[in-house]
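The values are calculated or read from the model by the stated rules, or taken from the named source; none is laboratory data. In this text, all values refer to a predicted model and were calculated from it rather than measured experimentally. Virtual Cβ from ideal backbone geometry, glycine too; neighbours counted across all protein chains shown. All accessible areas refer to the heavy atoms of the entire protein, side chains included, with ligands and DNA or RNA removed. Shrake-Rupley method; radii C 1.70, N 1.55, O 1.52, S 1.80 Å.
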Amino acid sequence: MSPRTATVPVASRRALADAATVVRWCDTLAAVSQDPDRITRVYLSPEHAQVDAIVAGWMRDAGLETWQDAAGNLHGRVAGAAPDAPVLLLGSHLDTVVDAGRYDGVVGVLMAIRTVARLVEGGPLPFALEVIAFSDEEGTRFGKALLGSSAVAGVWDDGWWDLVDGDGVTLRQAFTDFGLDPARVGEAAVRPEQLVGYLEAHIEQGPWLEQAGQALGVVTSIASARRFSVEVVGEARHAGGTPYERRHDALLAAAEAALAVERICRAEQHVGTVGTMTVEPGAVNVVPGLARFAVDLRGEFDEGRDRVWDAITDAFDEIAARRGVTVTPTEVHRAPAVFCAERLTDAVRAGITATGESAPAELFSSAGHDAMSLGLVTDVAMLFLRNPDGISHHPDEFVSEDDVALGLDALAVAVERIADDRGAGAGAGAGARAERAADHGATS
Ligand code: GLV
Ligand code: MN
Ligand code: MN
């Protein structure tokens, strides 16, 4: 047996059983979609209510007390050793992009539930454990991402109430239709002084763990992001009768603008994406008079991201002047880079090491996560799970049951480590660890 083979991580029996449950639950939730043949689940929709009802049932079965907060996030909690114990938050999101995979966000929520169920069997921890299933991370419905976790972090912006979805429904109206009171959204905010921190497990959404041949990785920081909705106004005219020199084609200006986003981001080692584009009036024989598109921009640091955006808007201005159109960007989302807290990443690293991985991979996340909002009010850390082929935001998104099992073992140890760091000594954590060590030996 080669030394590498000897250290291949192997999950405990308990984690393998829990992983089977998590994957089965992911399959169950994948059936809750507004579209019959693909997964699309957006904020404040009937499907949002439906998955929350299902997941709340699983939380209660696991012994968690559940409630919905004032922004439509689902919470489940088990008490700590003392009534006034602080709270360790674990979570991720249940909303999806359009035509999504079944694991992005969902697997993190469900792993958190199984982890809490497993840990409380060893008795109460020195802190309460609270799972949050965030209601909007993707921003699919209103363009602005992280609405659910922004409410929990207490950074809700009243300017968001007038955001509209594709049907012209305002966020304010959608709140009311869902049975929430916009005036009470502030009540969703956590009290930072009560928090131990926030842990999130998530599929990687990129190829690095796959390439490294590792099931798990610890996240060091999460990319800063900005999103814009851009309107290009030209002039609609006859497609046959209008010579090129008389045209102000909004679509061609938008197409050039999209290429400028790619050119500048490539040169500056950022990622920029034009993921939507619509044209009006949208007729085969009319020069497009209006185009709208969205820009999603990510960078490791806020300063770099903003410098790149400035270069992009300079390019937009040049295109607008040359083509005789107007190009007007409106910012719809901005999230600063978040750096994970050493004290919590150490715990995640310890969790990965406990699975048998001697050198846990360290990753920067260019994808956004609910941890970005929580990072504004408490320490955060993230555990990434290998995502074969790195494909996500796509129905082929995948994570293996074996990797989920390793992730569950790592998450449980990470929480125990945080408990031990707070002086739990040889209490519940040590007991559960002993059980897992025996179990691990039995399966390796
Ligand atoms: C969420 O998945 C994002 O990074 O857009
Ligand atoms: Mn996503
Ligand atoms: Mn996600």
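Suppose all protein chains stay in the model; what accessible area per residue would a 1.4 Å probe give for the chain, in Å²?
So the chain comes to 41 Å² accessible per residue, rounded to a whole number.
Which whole-number percentage describes the relative contact order of region 224-335, with Cα contacts under 8 Å and a sequence gap of 6 or more?
Once normalised by length, the contact order is 45 percent.
Label-point separation (nm) for T28 and V169, each offset 7 Å from Cα along Cα-to-Cβ?
2.6 nm
Amide H neighbours of D379 under 5 Å, counting only residues 5+ apart in sequence or on other chains, H built in-plane at 1.01 Å?
Y198
For T326, put the label point 7 Å out on the Cα→Cβ axis and report which residues of region 228-245 keep their amide N under 13 Å from it.
Zone members listed by number: 231-235.
Summing Lys, Arg as +1 and Asp, Glu as -1, what charge do residues with Cβ under 14 Å from the Cβ of V338 carry, V338 excluded?
After counting each charged neighbour, the total is -4.
On a C-alpha basis, how far is the centre of region 239-259 from the centre of region 66-113 in Å? Whole number, if you could?
Spelled out, the Cα-based centre of one part sits 48 Å from the other.
Amide H of L363: which non-local residues (sequence gap of 5 or more, or other chain) have their own amide H closer than 5 Å, using H built in the peptide plane?
V218, V219, T220
Rank A412, A350, A49 by mean-square fluctuation in a GNM of the chain with C-alpha springs under 10 angstrom and give only the top-ranked residue.
Among A412, A350, A49, the largest GNM mean-square fluctuation belongs to A49.
Residue by residue, what Karplus-based ³J(HN,Hα) values in Hz, rounded to whole numbers, does region 104-118 have, using 6.51, -1.76 and 1.60 with θ = phi - 60° and x for Gly and Pro?
4, x, 4, 5, x, 5, 6, 5, 4, 5, 5, 5, 5, 4, 5
Okay, helix-only estimate at 222 nm for the chain: each DSSP H run of n ≥ 4 adds -39500 (n - 2.57), divide by all residues, round to 500 deg cm²/dmol; what do you get?
-11500 deg cm²/dmol
Rounded, prolate or oblate: which one fits region 224-335, using the alpha carbon gyration tensor with axes a ≥ b ≥ c (rounded when a/c is under 1.5, else prolate when a/b beats b/c, else oblate)?
Note, shape of region 224-335 comes out prolate.
Summarise the accessible area of the chain (1.4 Å probe, protein heavy atoms) by the percent that is carbon and sulfur.
The computed percentage sits at 52.
According to a simple spin-label model (label point 7 Å from Cα along Cα-to-Cβ), what is the distance in nm between D158 and A239?
4.8 nm
Express the Stokes-Einstein translational diffusion coefficient of the chain in µm² s⁻¹, to the nearest whole number, given a Kirkwood radius over alpha-carbon pairs, 10 °C and a viscosity of 1.306 mPa s.
Estimated via Stokes-Einstein, D reaches 69 µm²/s.
How would you rank 142-151, 281-290, highest first, on the average number of other Cβ atoms within 10 Å across their residues?
In descending order of packing, they fall as 142-151, 281-290.
Taking θ as phi - 60°, what are the ³J(HN,Hα) couplings along region 357-369 by the Karplus curve (6.51, -1.76, 1.60), each to the nearest whole Hz, with x for Gly and Pro?
8, 7, 10, x, 5, 10, 10, 8, 9, 8, 8, x, 8
What is the distance, in nm, between label points placed 7 Å from the Cα along the Cα-to-Cβ direction at I391 and at R246?
That separation, rounded to one decimal, is 4.8 nm.
Scan around A11 for amide H atoms under 5 Å from its own, H built in the peptide plane at 1.01 Å from N, and keep only partners 5 or more places away or cross-chain.
none
With θ set to phi - 60° and the Karplus curve 6.51 cos²θ - 1.76 cosθ + 1.60, what are the ³J(HN,Hα) couplings of region 294-311 in order, to the nearest whole Hz, using x for Gly and Pro?
Each residue's phi maps through the Karplus curve to give 10, 10, 10, 10, 10, x, 6, 10, 4, 5, x, 4, 6, 5, 5, 5, 4, 5 Hz.
Could you work out how far helix 46-61 tilts from the main Cα principal axis of the chain, as a 0 to 90 degree angle to the nearest 10?
10 degrees
Given the chain, what percent of its DSSP beta bridges are antiparallel, to the nearest 5?
70 percent
Rounded to the nearest 20 Debye, what is the dipole magnitude of region 224-335 about its Cα centre when Lys and Arg each give +1 and Asp and Glu each give -1 at the C-beta?
Its charge dipole is roughly 300 debye.
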